[in-house]
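Asker: Quick one: the structure is below, questions incoming.
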Amino acid sequence: MEAGMLASLKKKETYTHYFATLKYAMYVITHPLDGFWDLTHEKRGSLAAANTIVFLTVLARIMSLQYTSFVFMQVYWEGINIFLYIASILFPLALFCVGNWGLTTLFDGKGRLYQIYMGTAYALTPYPLIQFPMIIFSNFVTEEEGAFYSFAVVFSIFWAAILIICAMMEIHEYSLSKTLLFMVASAFAMLVMVFILLLFFSMISQGVAYFVSLFKEIMFRM
């Protein structure tokens with residue numbers, strides 16, 4: 001009986017903490033410097049909330065393809081692979097986190113990999129927050145009235161980019177100029193990692209093709 005009550009209380013505390021950390025995203029996007037500092041240093045954030053925000057970001061992108069008015073977005077579903085589309089969002093996120101962490105650890109960066117991911121995820125909050133209402137809004141306005149829709153979408157991306165810079169600045173305890181420098185360096189690191197991955201998979205595919213052809217040759221001679 002007591003064990004069941006303790007388990008129930010622990011589960012309730014877990015959910016309460018999750019919703020509190022998810023709600024904290026609203027504070028982060030309006031008070032980025034204090035917010036991102038407390039997010040990581042005062043344990044105000046959580047990986048569960050960060051994963052939720054990333055999921056909502058991906059969902060917003062997918063729903064925008066399906067439900068945005070054709071006046072503002074024309075989608076040819078025959079040429080879209082939804083899994084590759086999702087990967088095109090998650091893969092750059094993973095590359096940025098790894099690249100930024102790899103570089104900053106060499107230059108006195110204070111952030112750990114999970115903190116960089118958490119900060120970046122929380123910084124994405126404006127995108128789904130604005131995109132979901134804009135999907136609905138796009139179906140009730142004409143093309144001439146769509147300037148607000150276009151502005152809101154661009155603004156959500158710009159806001160998220162500014163928040164990412166603030167997040168990296170607070171997490172690594174860098175100055176603004178040093179943060180901008182390492183943001184550019186992180187972008188370069190992402191390109192290097194993509195090149196290495198392409199080279200690796202190219203070598204793997206060539207190796208597999210060689211052994212397949214060798215196997216066929218042996219079977220043919222037998």
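The values are calculated or read from the model by the stated rules, or taken from the named source; none is laboratory data. These numbers were taken from a predicted model, which means no experiment stands behind them. With ligands, DNA and RNA removed, areas are computed over all heavy atoms of the protein, side chains included. Shrake-Rupley method; radii C 1.70, N 1.55, O 1.52, S 1.80 Å.
Asker: Determine by what factor the alpha-carbon radius of gyration of the range 93-163 differs from 2.2 N^0.38 Å, reporting the quotient.
Answerer: It is 1.49.
Asker: Taking only C-alpha pairs under 8 Å that are 6+ residues apart, what is the relative contact order of the range 63-163 in percent?
Answerer: Values: 60 pairs, mean separation 35.8, N = 101.
Averaging sequence separation for qualifying contacts and normalising by length gives 35 percent for the range 63-163.
Asker: Moving on to the next point. Sorted by accessible area (1.4 Å probe), largest first, how do Trp159, Trp37 line up? It would help to have the intermediate numbers written out before the result.
Answerer: Numbers: Trp159 65, Trp37 90 Å².
Ranked list, largest accessible area first: Trp37, Trp159.
Asker: So, one more: Of all accessible surface on the range 66-138 at a 1.4 Å probe, what whole percent is carbon and sulfur?
Answerer: 70 percent
Asker: What do you get for the angle between helix 147-172 and the principal long axis of the chain? Use alpha-carbon atoms, 0 to 90 degrees, nearest ten.
Answerer: Computed tilt is about 90 degrees.
Asker: Mind checking the angle between helix 113-123 and the chain's longest principal axis? C-alpha axes, 0 to 90 degrees, to the nearest 10.
Answerer: 60 degrees
Asker: Relative to the longest principal Cα axis of the chain, at what angle does helix 32-41 sit, 0 to 90 degrees, rounded to 10?
Answerer: It is inclined by approximately 70 degrees.
Asker: Further, regarding this structure: Kindly provide the helix-only [θ] at 222 nm of the chain, computed as the sum of -39,500 (n - 2.57) over DSSP H runs of four or more divided by all residues, to the nearest 500 deg cm²/dmol?
Answerer: -28000 deg cm²/dmol
Asker: Over the heavy atoms of Leu95, what accessible area does a 1.4 Å probe trace out, to the nearest 10 Å²?
Answerer: Near enough 20 Å² of accessible area.
Asker: As an exercise, take the mean of 1/r over every pair of distinct alpha carbons in the chain, invert it, and state the Kirkwood radius in angstroms.
Answerer: So the Kirkwood estimate lands at 20.4 Å.
Asker: At a 1.4 Å probe radius, which order do Val184, Val212 fall into by accessible area, largest first?
Answerer: Largest to smallest exposure gives the sequence Val184, Val212.
Asker: Along each of the three principal axes of the Cα atoms of the range 49-90, give the extent in whole Å, ordering the values from largest to smallest.
Answerer: The principal-axis extents, from largest down, are 34, 20, 10 Å.
Asker: Find the Cα radius of gyration of the range 53-128, compare it with 2.2 N^0.38 Å by division, and give the number to two decimals.
Answerer: Output field value: 1.37.
Asker: Would you check the accessible area of Lys43, probe 1.4 Å, heavy atoms only, in square angstrom rounded to 10?
Answerer: About 130 Å², rounded to the nearest 10.
Asker: Quick one: how many Å² of Leu103 are accessible to a 1.4 Å probe, rounded to 10?
Answerer: Approximately 40 Å² of Leu103 is accessible to the 1.4 Å probe.
Asker: Hey, what did the range 115-222 get for relative contact order, percent, Cα under 8 Å, at least 6 apart?
Answerer: The value is 28 percent.
Asker: Ordering Glu144, Glu42 by how much accessible area each has at a 1.4 Å probe, largest first, what is the list?
Answerer: Sorted by accessible area, descending: Glu144, Glu42.
Asker: Residues of the chain: accessible area per residue at 1.4 Å, in Å²? Display every interim value, and only then the final one.
Answerer: On the way: 14330 Å² over 222 residues.
Heavy-atom SASA per residue in the chain reads 65 Å².
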